Amino acid sequence: MDGQKRIAFLAHDAVKPTLGAWAFANERALLPHQLTATGNSGRAIMDATRLEVNCLRSGTLGGDLELGALIADGRIDILIAFTDPLTARPHDVDVAPLLRIANIAQIAVALTETTADFLIRSELMTRPYARTGGAPALPAMQQKIDKRRETA
């Protein structure tokens with residue numbers, strides 16, 4: 001990862017104002033980074049700040065899938081996803097695949113304001129970071145999948 005991080009955002013409807021407020025409070029820290037978000041989450045950030053955000057489609061219209069593809073392609077370093085734990089949502093299942101691919105890709109993930117605060121204030125945010133563990137996670141995972149196919 002370079003010193004300029006590629007940060008992705010998404011937020012469920014009930015916590016979009018929280019995401020906007022969090023971005024406002026951290027605007028200076030976010031400014032040097034490349035920001036991407038699902039549609040309405042990105043607009044919540046831009047409405048609350050002067051930050052530029054690359055907005056994908058709305059999450060329910062495929063933005064979550066676009067975000068997952070960016071993570072899988074190694075084009076996202078950090079995922080900040082504010083979910084609403086108190087409201088049942090039919091799109092809860094949309095977040096699980098993102099967390100799975102984020103785990104495989106070994107990117108940093110924040111699901112709460114507190115975790116996002118710790119990430120954004122980390123000394124690693126402004127300097128290059130080499131992920132330990134050798135080969136990138138996705139090719140290593142592909143090797144495991146290929147090995148499974150050979151034995152099947």
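Compare the Cα positions of L79, G3, V53 along the charge dipole of the stretch 1-111 (+1 at Cβ of Lys, Arg; -1 at Cβ of Asp, Glu; about the Cα centre) and return the one farthest towards the positive end.
The residue sitting most towards the positive pole is G3.
Using a 1.4 Å probe on the protein heavy atoms, what percent of the accessible area of the chain belongs to carbon and sulfur?
The nonpolar share, carbon plus sulfur, comes to 54 percent.
So what does V95 come to for accessible area, using a 1.4 Å probe and Å² rounded to 10?
20 Å²
What value, in deg cm²/dmol to 500, does the helix sum -39500 (n - 2.57) over DSSP H runs of n ≥ 4 give at 222 nm once divided by the residues of the chain? Each step should come with its number before you reach the end.
On the way: 7 runs with 71 residues, N = 152.
Estimated from H runs of four or more residues: -14000 deg cm²/dmol.
Tally Lys/Arg at +1 and Asp/Glu at -1 over every other residue whose Cβ is under 10 Å from the Cβ of K16; what's the total?
Within the 10 Å Cβ shell, the charges total -2.
Tally Lys/Arg at +1 and Asp/Glu at -1 over every other residue whose Cβ is under 14 Å from the Cβ of R57; what's the total?
-2
Once Cα extents along the principal axes in Å is worked out from the coordinates, which option in (i) 87, 24, 23; (ii) 47, 31, 29; (iii) 53, 39, 24 does it equal?
From the options (i) 87, 24, 23; (ii) 47, 31, 29; (iii) 53, 39, 24, the structure gives (iii).
May I ask for the net charge around A130, where only other residues with Cβ less than 13 Å from the Cβ of A130 are counted and Lys, Arg are +1 while Asp, Glu are -1?
0
Treat every Asp and Glu Cβ in the stretch 1-127 as -1 and every Lys and Arg Cβ as +1, leave all other atoms uncharged, and give the resulting dipole magnitude about the Cα centre to the nearest 20 debye. Kindly include the intermediate steps, with their values, before the conclusion.
On the way: 12 positive and 15 negative charges, 40 e Å.
About 200 debye.
Under a 1.4 Å probe, what is the accessible area of the chain per residue, stated in Å²?
59 Å²
The values are calculated or read from the model by the stated rules, or taken from the named source; none is laboratory data. Note that this is a predicted model, so its numbers are computed, not measured. In this analysis, Cβ positions are derived from the backbone assuming ideal geometry, glycine residues included, and neighbour counts consider all displayed protein chains. Accessible surface is based on the protein model in full, side chains and every heavy atom, while ligands, DNA and RNA are left aside. Shrake-Rupley method; radii C 1.70, N 1.55, O 1.52, S 1.80 Å.
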